[in-house]
Amino acid sequence: MAKVEVGERLSKIRHSMSHVMAEAVLEMFPSAQIAIGPSIDNGFYYDFDLPRQLVADDLEEITERMRAIIAENKPFVRTVVSREEAQRMFAEQTYKLELINAIPEDEEVSLYSVGEFTDLCRGPHVESSKELKADAFKLMSIAGAYWRGKETNPMLTRIYGTAWTNAKELRLYMQHLEDVEKRDHRKLGKDLDLFSLHEEAGPGLVYWHPMGARIRQAIESFWRDEHYANGYEMVYTPHIGKSWLWETSGHLGFYKEGMYPPMELDKSDYYAKPMNCPFHIMIYNNSKHSYRDLPFRWAELGTVYRYEKAGAMHGLMRVRGFTQDDAHLFVTPAQMQEEILEVLRFSLHMLKSFGFTEINAYLSTMPEKAVGDPKRWADATEALREAIEAEGLSYEVDEGGGAFYGPKIDLKVKDAIGREWQLSTIQFDFNEPERFNMTFVDSDGVEKRPYMIHRALLGSLERFFGVLIEHYAGAFPPWLAPEQIKIIPVGENFFNYAKELEKRLRKEGFRVSADLGDDRMNAKIRNAQQLKIPYMVIIGEREAEGDLVSVRYRSGKQENGVATEAFIASVKATVASKEQL
RNA sequence: GCCCUUGUAGCUCAGUCGGUAGAGCACCACCAUGGUAAGGUGGGGGUCAACGGUUCAAAUCCGUUCGAGGGCUCCA
């Protein structure tokens, strides 16, 4: 999430803070077993095996003890000992012994001591606990964590803390956390009545309410227009299919536990689709293709179902049923380079249209276990790299991080508060064309294998919606806002005029409604404001007589006595430009 | 799945020592007819997640189940 660049000093502070915490915990529980305590993104943690469960009040006591230790201004002292000596010193500490035994022979075994507390540690640390500020850390939470992250290992108690160089930084970080909480799409989804999830009707399955559906419509129609404009065709395919499809694609072999279980019909097993590709291949293989016909670019907003573990689901971000903005490109080897560049450009264009300006690329290359011709792997990987470089994107390479069936580019965007989200993915597939025996007839009359590229630009609509909600904190730019304009008459006498104006604006294509409730105008403004509606149009006698509107923007900015036609033109321009207001 | 936290009205939450359920918002009705972030009065609405136990008495204590939130990647 929020990756703050952690300077070396800060990571020393955090790491040292974790030692101070371990000392405090050992004071309270002399019999505690201590495991590991590193510095992490925004703070530190330490894992313990404790004689009893911790409660929230314990964190206060630990905090107090930590402050006392910090106040003693004790030095952090590093010593190097022999392996045997270390084993003797930590004879009572089973986790430490395991760690000591895991240190490679050629590395020295170092200890850090602060006051009474000595810990096996690579370091580095601050010189003295006086570099730690008693008011610049906070213990955040208690969590369970498996020893070394393995499910089969014992569960330890982990205490998370955050630590900074001074109190002001801590305060800013706490504010950041508050901001994150305010933007939470689950909270905004409720407040703005956008979507819901229903345990009793199936966990991880999303219900789009009318206001959420309006946003989805705006996304989808833009998406469709752009795809047609970029040489794509739309296809629609079934939601279920016989096991033959998944046996052929190979998914039943390695992905079965990620699929909804089969339903039996007419002595066949049908599965809900976890991906759309085999269906698109069915269309491809329905007839013979010449190299002259390629490339095909077939897109579908395809809803797929995957079994996510109960603990893994999270709002809209991780669900069991979602709609991929999927497309498959079937191209000749000669077209491959150009197609990759185009799809990357298209992807960047789409992301930028949604207000994401900071975009990073991640290139994943051939893993050890891979299918397909190594020459094809090399060509495809090179095409991906060249496309990234042609677009001047900054990128990281994940060597050997590709799927077994092909290399890929992932695009991650940074949102309004600096968090990174993976949205687009462009992947080669050397597996399915082979398994489904896809061919095209080349200019020499020989049947050849096409390149197949999967790509999703927004990822899944559900997740993308969640990211958008958080990015905009629910205040959508006018082109996406579910309600663009709220008409607020100053009193009942102007209800008729409000209705006329509503009709007129709706004819202009705006998502608009008039508030004809019996609230006072003040309350209506407040309601519209809380729904983050971008334009509030206030009308009374002056406006009705002069064909004017008084516009109150979501920002609080005010423009009175605007000619209605001028207002319409201005909103249209803002919508067309996709600007945020 | 496992660990911690948690579950009271549509939403946000209060409920002490066990004594039989409350507030604000939302909703409904009536009054008020208004100029830039909540007008007034009244009303309806809850098997206190479920089940079991302790007790004269359970939202409250104990147990089990279910759900939700956070964590289970950061390496001595």
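Take the alpha carbon atoms of region A:148-177, find their center, do the same for region A:73-92, and report the distance between the two centers in whole angstrom.
26 Å
Relative to the Cα centre, what is the charge dipole magnitude of region A:129-170, using +1 at the beta carbon of each Lys and Arg, -1 at the beta carbon of each Asp and Glu, and rounding to the nearest 20 debye?
On the way: 7 positive and 4 negative charges, 12 e Å.
The calculation lands at about 60 debye.
How about region A:379-470: which GluC sites (Glu not before Pro) there lie in a loop by DSSP and see at most 16 other Cβ atoms within 10 Å?
On the way: sites: A:GLU382, A:GLU386, A:GLU389, A:GLU391, A:GLU396, A:GLU399, A:GLU420, A:GLU434, A:GLU447, A:GLU462, A:GLU470; in loops: A:GLU391, A:GLU399.
Passing both the DSSP loop test and the Cβ count: A:GLU391, A:GLU399.
I need the helices of chain A that pass two filters: whole DSSP H segments spanning 15 Å or more by Cα along the axis, and mean Kyte-Doolittle score no lower than 0.5.
On the way: long enough: A:8-28 (30 Å, -0.11); A:56-71 (23 Å, -0.16); A:167-183 (24 Å, -1.15); A:210-229 (28 Å, -0.83); A:333-353 (30 Å, 0.00); A:374-390 (24 Å, -0.75); A:461-472 (16 Å, 0.46); A:495-507 (18 Å, -1.56); A:564-577 (20 Å, 0.89).
Result, helices passing both filters: A:564-577.
Given 10 °C and 1.306 mPa s, compute D for chain A with the Stokes-Einstein relation, Rh being the Kirkwood radius over Cα pairs; round to the nearest whole µm²/s.
Details: Rh = 28.3 Å.
Calculated translational D: 56 µm²/s.
Go through region A:355-371 residue by residue and turn each phi into a ³J(HN,Hα) via Karplus (6.51, -1.76, 1.60, θ = phi - 60°); whole Hz please, and just put x for glycine and proline.
So the J values, rounded to whole Hz, are x, 9, 9, 9, 10, 10, 10, 10, 9, 10, 9, 5, x, 5, 8, 8, 9.
Dipole of region A:396-526 (Lys/Arg Cβ +1, Asp/Glu Cβ -1, origin at the Cα centre): which of A:VAL512, A:ALA498, A:TYR405 lies farthest to the positive side?
The one lying farthest along the dipole's positive direction is A:ALA498.
Report the extension gain between A:GLU447 and A:PHE254 in nm, rounded to one decimal, defined as 0.36 nm multiplied by the number of residues separating them, less their alpha carbon distance.
66.5 nm
Could you give the size of the charge dipole of chain A about its Cα centre, using +1 on the Cβ of each K and R and -1 on the Cβ of each D and E, expressed in debye and rounded to the nearest 20? All intermediate terms of the calculation are to be shown ahead of the outcome.
Working: 72 positive and 90 negative charges, 249 e Å.
So the magnitude is around 1200 debye.
Round to a whole angstrom and tell me the spacing of the C-alpha centers of region A:524-573 and region A:265-322.
45 Å
Specify which residue in the list A:PHE117, A:SER287, A:PHE44 is farthest towards the positive end of the charge dipole of chain A, using unit charges on the beta carbon of Lys, Arg (+1) and Asp, Glu (-1), about the Cα centre.
So the residue we want is A:SER287.
So what's the convex hull volume per residue for the Cα atoms of region A:405-474, in Å³? Spell out each step's value before the answer.
Details: hull volume 7.5 nm³, N = 70.
Measuring per residue, one finds 107 Å³ for the Cα hull of region A:405-474.
Kindly identify region A:279-367 as rounded, prolate or oblate by the Cα gyration tensor criterion: order the square roots of the eigenvalues as a ≥ b ≥ c, call it rounded if a/c is under 1.5, otherwise compare a/b with b/c, prolate if a/b is larger, else oblate. Present the calculation step by step, with values, prior to reporting the outcome.
On the way: a/c = 2.13, a/b = 1.36, b/c = 1.56.
Oblate.
Per residue of chain A, what 222 nm ellipticity follows from adding -39500 (n - 2.57) for every DSSP H run with n ≥ 4, rounded to the nearest 500? Could the numbers behind the result be given before it?
On the way: 18 runs with 213 residues, N = 581.
Theoretical 222 nm ellipticity from helices: -11500 deg cm²/dmol.
At a temperature of 25 °C and a viscosity of 0.890 mPa s, determine how fast region A:409-553 diffuses translationally according to Stokes-Einstein, using the Kirkwood radius over alpha-carbon pairs as Rh; express D in µm²/s, rounded to the nearest whole number. Don't skip to the end; give the middle numbers.
Working: Rh = 19.4 Å.
Result for D is 126 µm²/s.
Please report, in whole Å³, the volume per residue of the convex hull around the C-alpha atoms of region A:151-270.
294 Å³
Once the dipole of chain A is set up with Lys and Arg at +1 and Asp and Glu at -1 on Cβ about the Cα centre, which of A:LEU194, A:SER550, A:ALA481 lies farthest towards its positive end?
A:SER550
Could you list, in their original order, any pairs among A:LYS256/A:LYS309; A:LYS190/A:LYS532; A:LYS187/A:LYS352; A:LYS150/A:LYS187; A:LYS12/A:LYS133 whose Cα atoms are separated by more than 21 Å?
Values: A:LYS256/A:LYS309 13 Å; A:LYS190/A:LYS532 13 Å; A:LYS187/A:LYS352 26 Å; A:LYS150/A:LYS187 33 Å; A:LYS12/A:LYS133 13 Å.
The pairs that break the limit, which is 21 Å between Cα atoms, are A:LYS187/A:LYS352; A:LYS150/A:LYS187.
Each reported figure results from applying straightforward, stated rules to the coordinates on display, with no laboratory input. Because the structure is a prediction, the values reported are computed rather than measured. A quick note on method: Cβ atoms are made from the backbone with ideal geometry, for glycine too, and the neighbour counts reach across all protein chains shown.
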